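Engineer: Below you will find the structure I want to go over with you.
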Amino acid sequence: MKSTPLFEIHKNMNAKFVNFNGWNMPVWFEDLKQEHLHVRNSVGVFDVSHMGEIEIVGSMAEEFLNFTFTNKISDLNDGQARYGFFCDKSGGVIDDVIIYRLSKDRFFICVNAGNIEKVFEWLKSSSNGYNIKIKNLTSFYGQLAIQGPKAVDCVSKLFPSSNIKNIKKYSISSISDLEENYVHKLKSPCPDGYSFLIARTGYTGEDGFELFVPNEVLPDIYLLVLENIQDIKPCGLGSRDTLRLEKGFPLHGNELSEKLNPIEANLSKFVDFTKPDFIGKTSLQSILRNKKSSLIGFKMNDKCIPRAGYKIFSDDREIGFVTSGTFSPTLQQGIGLGVINESFSEVEYIEVKIRSDKKIAKRSSYPFV
Amino acid sequence: MSEIKDDLKYSSEHEWVKVDGDSVVIGITDHAQDSLGEIVFVELPKVGDALERSAIFGAVESTKSVSDLYSPIAGEVTEINPLVESEPELINSSPYDNGWMIKIRPVNMDDLDALLDSKGYKDLVDGK
């Protein structure tokens, strides 16, 4: 199993580990619920170095991404970011990603851990005729997510010369404080000059940042963050998942996959049908005209917990399945997302089969909190 | 390190068993509760239910995951602990005492001999 450069530090902090897509990652430190609520109320830091980073470089980079990415890319200015999908020809989702425009001819893509090689190979195989370079920088970059209502203040104080407060949501910038203090320590600095990046993005629904920094100095920077940000708690992937689910954010492999397209996952707003063409457009248009299923949110009536894969029923008819479910630490209630047959998309109540019992759940809009 | 009590018997599914007269008390081990994290929900059988050995008799759920509970011994459920249904966190704070789950009257007390002793269970937890 792979591990990040923070493994030893996490072990010494008594983290509980879990195998996530072949990575031995902290699932929680002391307590999942405390970590979750701490991020909602204060600030937490997550090691997300298992995530991948791919760069598209060259004069045709924008044109290439315009054709491979479902969302609009041509209106981005330097430093701006956008969420969307890489879809295959049938509209299935190869990965959901954030693309950051570093400059006119340089785009930085944050890719899900389980999909790095697949995305890299797919991008390469789609790049015929484009004058670009596709670089997999995953082994160079580690990644920290600092999230929570106090994150902006705390990170601004930690990096006083980097104008942190001026970084708008969904934007990325260099961190000059880290550049100054750490770049000379690198045995192999990033060949492209962007060794220390900070983006105002995240996966918790709270304000905060994602730091892309070299794995080589990641432990130093992690300790700097832990020791200098008051009240910060290290958090594991367990709370990362409950935080994203309370906000109704999709997880690739659950709400999105090669078999689950963005239209039926109710994420059409990240698909720009006004673009002349992009991979998967024709299929997604026909899915849009004839939706077979919908993603719904629901809350359990009784105290019980829906889990991914549980079947969903309406009046004894099986109509779908749970894609993600948990016990919401904020609501103290079982919540879930699920895919149901489009002809039942108006039902107000569903039943979720939990072990041998069918439990009633009420449809709910999401974000749940 | 999680606690393993010398005077209990253990199943490979991380339940403990304690003899109490002609009944046995069953719960999950300290190691099991520690691996699950904060327990938010527990599902127990009804008094009077007949359980086969290794039958699923309930489930224990933390925010992160769900684990089935397997009966370490065949018998009839004579009592359940209503407190763990209303305060499942007792299983975390007191897995061997207040966090007990059910009492069973075994079909055959000799079946207990098939369970692990504390040394055997410790080896299991340590992956030996």
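None of the figures in this text is laboratory data; all of them are computed from the coordinates on show. Just so you know, these numbers come straight off a predicted model, no measurement behind them. All Cβ positions, even for glycine, are placed from backbone atoms using ideal geometry, and neighbour counts span all protein chains on display.
Engineer: Mind listing just one residue for me: the one in segment A:349-369 that is within 25 Å of A:Tyr203 (Cβ to Cβ) and not in a strand (DSSP E or B) and, of those, farthest from the other protein chains (Cβ to nearest Cβ)?
Structural biologist: Among residues in segment A:349-369 that are within 25 Å of A:Tyr203 (Cβ to Cβ) and not in a strand (DSSP E or B), the one farthest from the other protein chains (Cβ to nearest Cβ) is A:Ser365.
Engineer: Restricting to segment A:96-113, name every residue that is touching a strand residue (DSSP E or B) at 6+ places or on another chain (Cβ under 9 Å) and surrounded by fewer than 18 Cβ atoms within 10 Å (Cβ to Cβ).
Structural biologist: The answer is A:Asp105, and nothing else.
Engineer: Let me ask you something else. Could you list all residues from segment A:2-28 that are among the hydrophobic types (A, V, I, L, M, F, W, C) and closer than 20 Å to B:Leu36 by Cβ?
Structural biologist: Residues satisfying the conditions are A:Met13, A:Ala15, A:Phe17, A:Val18, A:Phe20, A:Met25, A:Val27, A:Trp28.
Engineer: Of the numbered conditions (1) buried (at least 18 other Cβ atoms within 10 Å of the Cβ); (2) on the phi > 0 side of the Ramachandran plot, B:Val40 satisfies every one except a single condition; which is it?
Structural biologist: So B:Val40 meets the others, but not (2).
Engineer: Let me ask something else about it. Using the structure shown, decide if A:Glu346 is part of a strand (DSSP E or B), more than 13 Å from every other protein chain (Cβ to nearest Cβ), free of Cβ contacts under 8 Å to residues at least 12 places away in the same chain and surrounded by fewer than 20 Cβ atoms within 10 Å (Cβ to Cβ).
Structural biologist: Against the criterion (part of a strand (DSSP E or B), more than 13 Å from every other protein chain (Cβ to nearest Cβ), free of Cβ contacts under 8 Å to residues at least 12 places away in the same chain and surrounded by fewer than 20 Cβ atoms within 10 Å (Cβ to Cβ)), A:Glu346 does not qualify.
Engineer: So, one more: Determine whether A:Tyr100 is of a type in the set (Ser, Thr, Tyr) and closer than 30 Å to A:His36 by Cα.
Structural biologist: Considered against the rule, which asks whether it is of a type in the set (Ser, Thr, Tyr) and closer than 30 Å to A:His36 by Cα, A:Tyr100 comes out as yes.
Engineer: Where in segment A:1-112 are the strands (runs of 3 or more DSSP E), entirely inside, with at least 1 residues that are closer than 25 Å to A:Pro250 by Cβ and within 14 Å of chain B (Cβ to nearest Cβ)?
Structural biologist: In segment A:1-112, A:16-20, A:23-28 are the strands (runs of 3 or more DSSP E) which contain 1 or more residues that are closer than 25 Å to A:Pro250 by Cβ and within 14 Å of chain B (Cβ to nearest Cβ).
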